[in-house]
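Data block below; observations after.
The values are calculated or read from the model by the stated rules, or taken from the named source; none is laboratory data. Predicted, not measured: the structure shown is a model, and the values here were computed from it. Cβ placement follows ideal geometry from the backbone for every residue including glycine, while neighbour counts extend to all protein chains displayed. For the accessible areas, the whole protein counts, side chains as well, though only heavy atoms, and no ligand, DNA or RNA atoms are used. Shrake-Rupley method; radii C 1.70, N 1.55, O 1.52, S 1.80 Å.
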Amino acid sequence: MPWFRKEKQRIEAPKEKHIQTEGLWVKCDGCKQTLWKKDLEASLFCCPKCNFHFKMGARERLDMFFDSGHYLEHDAGLCSSDPLEFIDTKAYRDRLKKAERELGVKDALITGEGMLDGKPLMMCAMEFRFIGGSMGGVVGEKIARAIDRCVEKKLPLVIVSCSGGARMMEGAISLMQLAKISAALARFDEVRKPYISILTDPTTGGVTASFAMLGDLNIAEPGALIGFAGPRVIEQTIRQKLPEGFQRAEFLLAHGMLDAVVPRWEQKAYVSRALGFLGA
């Protein structure tokens with residue numbers, strides 16, 4: 001009889017649910033706590049538990065300063081021509097293409113013109129993820145052009161530095177940018193408009209040795225590493241143990257190398273007040 005028969009039915013295993021968690025959590029280098037990435041972004045990439053300042057992208061930096069995040073980007077199409085055809089473990093040209101593909105920028109600096117609390121402003125922000133924020137011919141040219149626009153339009157200037165220094169792949173061309181930008185800032189000084197330099201972690205090498213320390217007002221983020229040569233190189237040279245916190249922002253402030261150490265969430269208001277005070 002039909003009800004007496006046992007039909008063979010295939011037993012299907014329940015479908016596994018895969019939840020994507022990679023990249024959603026970040027470990028704080030300060031307090032070692034695990035942080036939800038969305039919470040970190042909401043706090044301007046500062047740890048809500050210990051206030052450790054994570055590195056911040058150039059576009060996020062401009063969005064933070066300009067009113068409603070609106071600004072006009074200048075010289076976005078400038079890119080390096082690989083003048084030395086440099087090759088180390090990888091061709092320099094390939095490094096540039098990879099960085100551009102991943103970050104959507106052609107070099108390690110973005111220039112924007114907009115309003116900060118209703119005040120017109122020219123601002124340059126460095127992108128550390130683009131070959132360590134290193135300064136080559138394009139970075140130098142973008143800053144020089146930004147300064148020229150400030151001279152022409154009588155605008156104040158803010159540069160946010162985050163760099164490992166001059167770009168070795170461009171040799172002497174990268175070193176020439178130190179003198180080039182310094183000379184442009186000397187011309188800008190005649191306009192009597194303020195230049196505010198913001199140093200973040202890290203600001204080292206040729207960037208520190210040039211425009212990063214030439215501001216009318218030099219401010220830094222808490223805990224930022226700022227210097228020319230690294231601590232290990234200095235210790236080997238002078239054969240002495242360096243003091244605790246050497247080359248950190250607080251150490252430089254205590255020894256007269258900086259004007260202020262300003263947390264990230266206070267920087268926009270601080271720069272706005274400073275521009276007013278300096279006559280912008």
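Would you check if Thr237 is among the polar types (S, T, N, Q) and open to solvent by 40 Å² or more (accessible area, probe 1.4 Å)?
Yes.
Could you name every one of the helices (runs of 4 or more DSSP H) located completely within the range 19-134 that has at least 1 residues being touching a Gly at 6+ places or on another chain (Cβ under 8 Å) and free of Cβ contacts under 8 Å to residues at least 24 places away in the same chain? Before the answer, list the steps.
On the way: elements: 37-42, 58-65, 92-103.
Once the helices (runs of 4 or more DSSP H) in the range 19-134 are filtered for at least 1 residues that are touching a Gly at 6+ places or on another chain (Cβ under 8 Å) and free of Cβ contacts under 8 Å to residues at least 24 places away in the same chain, what remains is 37-42, 58-65.
Looking at Ser161, Ser174, can you tell me which residue is assigned to a helix (DSSP H, G or I) and of a type in the set (Ser, Thr, Tyr)?
Ser174
When you look at His53, is it open to solvent by less than 50 Å² (accessible area, probe 1.4 Å), touching a Pro at 6+ places or on another chain (Cβ under 7 Å) and closer than 30 Å to Val261 by Cβ, yes or no? Show your work before the answer.
On the way: open to solvent by less than 50 Å² (accessible area, probe 1.4 Å): yes; touching a Pro at 6+ places or on another chain (Cβ under 7 Å): yes; closer than 30 Å to Val261 by Cβ: yes.
Against the criterion (open to solvent by less than 50 Å² (accessible area, probe 1.4 Å), touching a Pro at 6+ places or on another chain (Cβ under 7 Å) and closer than 30 Å to Val261 by Cβ), His53 qualifies.
Evaluate the following for Ala209: is it in contact with a Phe, Trp or Tyr (Cβ under 9 Å, 6 or more places away or on another chain) and either surrounded by fewer than 23 Cβ atoms within 10 Å (Cβ to Cβ) or within 28 Å of Phe251 (Cα to Cα) (or both)?
So Ala209 fits the description; yes.
Take the residues of the range 186-201 that are free of Cβ contacts under 8 Å to residues at least 60 places away in the same chain and open to solvent by 20 Å² or more (accessible area, probe 1.4 Å): which is farthest from Val233 (Cα to Cα)?
Of everything passing the filter in the range 186-201, Val191 is farthest from Val233 (Cα to Cα).
Tell me whether the range 156-177 contains one or more residues that are surrounded by fewer than 20 Cβ atoms within 10 Å (Cβ to Cβ) and under 30 Å from Asp117 (Cβ atoms).
no
Residues of the range 89-121 being crowded, with 24+ Cβ neighbours inside 10 Å and among the hydrophobic types (A, V, I, L, M, F, W, C), which ones?
Selection gives Ala108, Leu109, Ile110, Leu121.
Here are the criteria: (1) touching a helix residue (DSSP H, G or I) at 6+ places or on another chain (Cβ under 6 Å); (2) open to solvent by 70 Å² or more (accessible area, probe 1.4 Å); (3) in a loop (DSSP other than H, G, I, E, B). Tell me which single one Lys180 does not satisfy.
(3)
Sort out which residues of the range 240-252 are surrounded by fewer than 17 Cβ atoms within 10 Å (Cβ to Cβ) and under 30 Å from Phe188 (Cα atoms), and write them in order of number. Working first, answer last.
Start the filter on the range 240-252 by keeping residues that are surrounded by fewer than 17 Cβ atoms within 10 Å (Cβ to Cβ), which leaves 240-246, 250.
The answer is Glu250, and nothing else.
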